Amino acid sequence: MHSAIHATDFRHRTRIFNNPLHFFPAGSTQRCGSRSVRRSLPAAFFLVPSPHATIRTMTQRFTTSQWVPFPVGLVFAFFADPANLPRLMPANLRTRIEGASIEPAPLRPASSDRLSGPRGIAAGKGSEIVISFRPVPLTPFRVRWTAQIAEFQWNDHFCDEQVCGPFAAFRHCHRTQAQTRNGVAGTLVTDEIAFKMPLGFLGNGAGFFVRRKLAGSFAHRQEQLIALLQAASYPTL
């Protein structure tokens, strides 16, 4: 994994510190709204329309679903662990976790599932995760993105919202629902994304390319997900 903080480090550091966990790599900082986060690109890349601007940006949406033959408890726990995010992204994006501030999730509900997700971390409401990725392969430029968990309900859904990044606004809800198909118990995974582009009507036109990029990224994830879930599953002790 091309990550400054490997998944093993991420889990280890989560377990040895009391919640809420705070660890951010040292480096230069810039303000993003009322928060201070690191950026690797010029501030102009993160242009967001002024709240006093007269040009309106429209909300654009992207939705995709996938059924997997694994119980809800396993699937939800896998997605709720931020350390798994780089594994779900296309390799050419070189996605990595730069830092995180993890707020504890509510107590995990008792489950009768034979298979259970890893007992690692689950990023609860208020958690912030900083990632970076290369939007253009084979270039040195990386985009930083800070997301905050805005909603969290075990085995049902969690939603993250952009705090700082390339969009004027971005909200991603991950939903899971138990569903049996052809006699096989499994989970329907649904991703709902709503976003606004910067730069007014110019950005609105670029939304088409964003949706195409999202479609490609989720197609990759869906190809990898069953194998990743199989590797993550083990009998509950």
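When segment 56-92 is filtered for residues that are more than 17 Å from the chain's Cα centre (by Cα) and assigned to a loop (DSSP other than H, G, I, E, B), the ones remaining, listed by number, are Arg56, Thr57, Met58, Thr59, Pro69, Phe70, Pro71. Total residues in segment 114-127 satisfying the condition of being in contact with a Leu (Cβ under 9 Å, 6 or more places away or on another chain), modelled with pLDDT of 95 or more and hydrophobic (A, V, I, L, M, F, W, C): the figure is 0.
Here is a yes/no grid of residues against (1) out of contact with any Lys or Arg (no Cβ under 9 Å at 6 or more places or on another chain); (2) of a type in the set (Gly, Ala, Ser); (3) modelled with pLDDT of 95 or more; (4) farther than 29 Å from Ala231 by Cα:
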| residue | (1), (2), (3), (4) |
| --- | --- |
| Pro106 | no, no, no, no |
| Ser112 | yes, yes, no, no |
| Ile129 | yes, no, yes, no |
| Phe141 | no, no, no, yes |
| Gln162 | no, no, yes, yes |
| Gln177 | yes, no, yes, no |
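Would you mind stating whether Thr176 is closer than 21 Å to Val68 by Cβ, without any contact (Cβ under 8 Å) to a residue 12 or more places away in the chain and in a strand (DSSP E or B)? Criteria not met by Thr176. Check whether at least one residue in segment 161-183 is exposed (fewer than 14 other Cβ atoms within 10 Å of the Cβ) and among the aliphatic types (A, V, I, L, M), and report yes or no. No; the residues of segment 161-183 include none that is exposed (fewer than 14 other Cβ atoms within 10 Å of the Cβ) and among the aliphatic types (A, V, I, L, M). Considering segment 139-152 alone, what residues qualify as being free of Cβ contacts under 8 Å to residues at least 24 places away in the same chain and farther than 21 Å from Ala169 by Cβ? Within segment 139-152, Thr139, Pro140 meet the criteria. Beta carbons closer than 7 Å, at least 6 apart along the sequence or on distinct chains, pair a first residue in segment 67-79 that is touching a residue at least 40 places away in the same chain (Cβ under 8 Å) and more than 10 Å from Ala178 (Cβ to Cβ) with a second that is β-branched (Val, Ile, Thr) and part of a helix (DSSP H, G or I) for Val68/Val75; Val68/Ile226. The sole residue among Thr146, Thr187 that is outside any loop (DSSP other than H, G, I, E, B), under 13 Å from the mean Cα position of the chain (by Cα), at pLDDT 95 or above and crowded, with 16+ Cβ neighbours inside 10 Å is Thr146.
Only one of the numbered conditions (1) under 30 Å from Leu202 (Cβ atoms); (2) modelled with pLDDT of 95 or more; (3) part of a loop (DSSP other than H, G, I, E, B) is not met by Arg171, and that is (3).
So Ala206 passes all but one of these: (1) farther than 27 Å from Val72 by Cα; (2) touching a residue at least 60 places away in the same chain (Cβ under 8 Å). Which condition number does it fail? Just one mismatch for Ala206, condition (2). Taken together, Asn204, Asn155 contain a single residue that is over 17 Å from Pro90 (Cβ atoms), assigned to a loop (DSSP other than H, G, I, E, B) and not basic (Lys, Arg), which is Asn155. On inspection, Pro135 passes the criterion of being in a loop (DSSP other than H, G, I, E, B), in contact (Cβ under 8 Å) with a residue 40 or more places away in the chain and surrounded by fewer than 21 Cβ atoms within 10 Å (Cβ to Cβ).
Taken over segment 191-203, residues that are over 20 Å from Glu161 (Cβ atoms) and either touching a Phe, Trp or Tyr at 6+ places or on another chain (Cβ under 9 Å) or not aliphatic (A, V, I, L, M) (or both) amount to 2.
The values are calculated or read from the model by the stated rules, or taken from the named source; none is laboratory data. All values derive from a computational prediction rather than experimental measurement. Glycine gets a Cβ as well: all are built from the backbone with ideal geometry, and neighbour counts include every protein chain shown.
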